[in-house]
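Below is one structure, written out as structure tokens; comments come after it.
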Amino acid sequence: MADECCSTVSSVVADEGHCVMYTTDGTRFEVPLAYLGTAVFAELLRMSEEEFGFASSSDGGRIMLLCDASVMEYILCLVRREAPEEVERAFLSSIVGHCHNYNASCMAQSMGFGHQFALCTQLLA
């Protein structure tokens, strides 16, 4: 679900004020730089750096996140809607537990993200 703040359009350079990141399923996201200061992105980037290294040269300098596109959409939902701190903490504790040992589909399959998207929409609307 691309929108004006988190484009998945394929181009080499990100729009001004954005950073390009890729999910484990290869989906490209342009994330607003302001989002990088949130606790959710800080932890996601820390986990990804631990697993893959940060912007490794083997991936052409790409920032690869330790989640697939459906999880990234949920994360963006949390940040866009300024989720309460306790919701962010609950989400972070669940991803740390599920993805301590990386598996390409660990987050989306084991966490039931269809329900999570509905929850994000209902709780944060």
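The values are calculated or read from the model by the stated rules, or taken from the named source; none is laboratory data. Just so we're clear, the structure is a prediction, and the values are computed from it rather than from any experiment. Counting neighbours? That spans all protein chains shown, and the Cβs are built from the backbone with ideal geometry, glycine included. Protein only, heavy atoms only, side chains kept; ligands, DNA and RNA dropped before computing areas. Shrake-Rupley method; radii C 1.70, N 1.55, O 1.52, S 1.80 Å.
Which members of segment 16-42 meet the condition of being closer than 14 Å to residue 88 by Cβ, assigned to a helix (DSSP H, G or I) and either open to solvent by less than 40 Å² (accessible area, probe 1.4 Å) or in contact with a strand residue (DSSP E or B) (Cβ under 9 Å, 6 or more places away or on another chain) (or both)? Those that are closer than 14 Å to residue 88 by Cβ, assigned to a helix (DSSP H, G or I) and either open to solvent by less than 40 Å² (accessible area, probe 1.4 Å) or in contact with a strand residue (DSSP E or B) (Cβ under 9 Å, 6 or more places away or on another chain) (or both): 35, 40, 41. Scanning segment 76-92 for residues that are open to solvent by less than 80 Å² (accessible area, probe 1.4 Å) and assigned to a helix (DSSP H, G or I) yields 76, 77, 78, 79, 80, 87, 88, 90, 91, 92. Take residue 119 and tell me if it is farther than 24 Å from residue 14 by Cβ, modelled with pLDDT under 55 and out of contact with any Pro (no Cβ under 7 Å at 6 or more places or on another chain). In short, yes.
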